[in-house]
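Worksheet for the structure shown next.
The values are calculated or read from the model by the stated rules, or taken from the named source; none is laboratory data. Bear in mind that the values here come from a model prediction, so they are computed numbers and not experimental data. Counting neighbours? That spans all protein chains shown, and the Cβs are built from the backbone with ideal geometry, glycine included.
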Amino acid sequence: MSAFTKLQQQFKRLSRIQHAAAICGWDQAAMMPEGGNNARGEALAELSVISHQLLTAPELDDWFEEAHEEITDALDIANLATMKRAWQHATLLPQDLVEATSIANSRCEHAWRQQRKNNDWQGYNTNLKEVVRLAREQAGYFAEHAGLNRYDALMDIYEPGMSSHKVDNLFGEIKTWLPGLIDEAEEIQKTRQVITPQGPFPTEQQRQLGLNIMGLLGFDFQHGRLDTSTHPFCGGVPEDVRITTRYDEQNFMSALLGVIHETGHARYEQNLPRTLAGLPVGQARSMGVHESQSLFFEMQLARSLPFTRLIAPRIAEAFQRQQDPAFSADNLYQLNTRVKRGFIRVDADEVTYPAHVILRYEIERELIEGGIDTEHIPDLWNEKMESLLGLSTAGKNDIGCMQDIHWAGGAFGYFPSYTLGAMYAAQLFNAAQQHLPGLEEKIGNGDLGGLFEWLNKAIWSKASTLSTDELMRQATGEALNSHYFKQHLQQRYLA
């Protein structure tokens, strides 16, 4: 048996362990009783240790060296490179650090669910300090090996090839025009009347509506399901994708758009090439590319006027509101494109959303680099929120720095992916329009097959066989260009 084959078998074993961990993690967030958390945290830590042992087995060093001499096929070379990247990351970390990180992250994330409800910053900070300490320690190992700063070393895990220098330039450019665009959009919308649909909207009716729209968007229910959690997410594995949302019986649109967003993630996962299943090269390219798919579904597609006209009758029927003017397509479109400064990132419109991401990016970069400590977060958050959106979170950490799950779970370096994803999505949708004449009319008629076929060919089927820049070049003709994002917002909100 060749060394390359041995490596593939080892990584497929690893993927099965990660499969089990993913479903355990979903259950922890969606179904597990409160009293099970300590045992579940220990179980997930044990799976992390087993995964780490598989990735750091002594024989892998020789296998990688031999495999380089065995292969010439471009796909095999890409496969070997992605396996080696994962191996190098794992071999840099001591096993006790891996285990301690898993336990600390699990403890902090689970406690956060109640602490956020109680606006308990002190309790949250007690756990967060340990999460940050361990994240800095991990980042130090990665940074020394790669010759990067600590934050870039963590961001590279989620967005390979991206750097804080590039992000600073991209986000710095956005900050030059975003405040003015927000002001102008708000001014334009003052003249437009919007009717807010009045609840209650029973949770079960919302759930059935979500399932209906998931079906319209091509979700494969033989390989996935919809559930409820504190924070919406897409988890599981490509063969068994678990998406969640949360329901507000006074606002059905929040859950529905959350479902559509997570369905974008799910369609990407469900359409990754099965011939590469279990191998790193068969996984999604990056978090930014992943987010581009969810935002393609939610922002580019679902909030468009043609798609709103398509689903408006389904929404009205779901709540038996066929005669209610609040449920007309034009009113729902105005509702879904309303620009309003708010505290909550996941509920933000697409114009103000980048401000939420920039705020988090700037804080977590300084936190990992050691420029600030966790105690500084609430005041710094409030300062940046007032600067970017004119809102104060003083004393309201539950709707401020405690609102997201990411830091509680140790996911530092992740936040830039959201706005990078919005940029990728705008550029991809522009390319889709060029490749698919009459796309808006087809969307309005419910003819979505061609669009999904294009996405599959351009993004989903490529998995991690290409760099992000090359993936975008093949799909759109150029690497990431923020012009398309600005153009999209101007056309939708200032026209």
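Contact annotation: residue pairs with Cβ atoms under 7 Å, 6 or more positions apart or on different chains, pairing a residue in the range 212-232 that is over 12 Å from Thr245 (Cβ atoms) with a partner that is surrounded by fewer than 20 Cβ atoms within 10 Å (Cβ to Cβ) and among the acidic types (Asp, Glu), are His223/Glu239; His223/Asp240; Gly224/Asp240.
As for the range 166-181, it holds at least one residue that is over 30 Å from Tyr333 (Cα atoms), part of a helix (DSSP H, G or I) and in contact (Cβ under 8 Å) with a residue 12 or more places away in the chain. Just one of the numbered conditions (1) closer than 24 Å to Thr176 by Cβ; (2) over 15 Å from the mean Cα position of the chain (by Cα); (3) surrounded by 19 or more Cβ atoms within 10 Å (Cβ to Cβ) is not true of Arg341: (3).
Scanning the range 267-287 turns up one or more residues that are assigned by TED's automatic domain parsing to the domain that holds Arg345, in contact with a strand residue (DSSP E or B) (Cβ under 8 Å, 6 or more places away or on another chain) and crowded, with 23+ Cβ neighbours inside 10 Å. Does any residue of the range 364-386 turn out to be under 24 Å from the mean Cα position of the chain (by Cα), more than 30 Å from Glu144 (Cβ to Cβ) and modelled with pLDDT under 95? No, the conditions are met nowhere in the range 364-386.
Screening Arg13 on (1) assigned to a helix (DSSP H, G or I); (2) within 30 Å of Arg107 (Cβ to Cβ); (3) free of Cβ contacts under 8 Å to residues at least 40 places away in the same chain shows it passes everything except condition (3).
Selection of first residues in the range 249-262 that are within 18 Å of Arg321 (Cβ to Cβ) and in a helix (DSSP H, G or I) and of second residues that are among the hydroxyl-bearing types (Ser, Thr, Tyr) and modelled with pLDDT of 95 or more, restricted to Cβ pairs under 8 Å at least 6 apart or on distinct chains, gives the following pairs, ordered by first then second residue: Ala255/Tyr247. Looking across the range 296-328, the residues that are of a type outside the set (A, V, I, L, M, F, W, C) and assigned to a helix (DSSP H, G or I) come down to Glu298, Gln300, Pro306, Thr308, Arg309, Pro313, Arg314, Glu317, Pro325.
Of the residues making up the range 139-151, one or more are hydroxyl-bearing (Ser, Thr, Tyr) and more than 24 Å from the chain's Cα centre (by Cα).
Among the residues of the range 27-56, just one is at pLDDT below 90 and under 22 Å from Gly224 (Cα atoms), namely Ala29. A single entry from Ala86, Ala153, Ala143 fulfils the requirement of being surrounded by fewer than 19 Cβ atoms within 10 Å (Cβ to Cβ) and either in the same structural domain as Cys401 (by TED's automatic domain parsing) or on the phi < 0 side of the Ramachandran plot (or both): Ala86.
Figure legend. Inter-residue proximity from the range 45-60: first residues farther than 9 Å from Ser102 by Cβ, second residues basic (Lys, Arg), beta-carbon distance below 7 Å, spacing 6+ or different chains. Indicated pairs: Leu54/Arg13.
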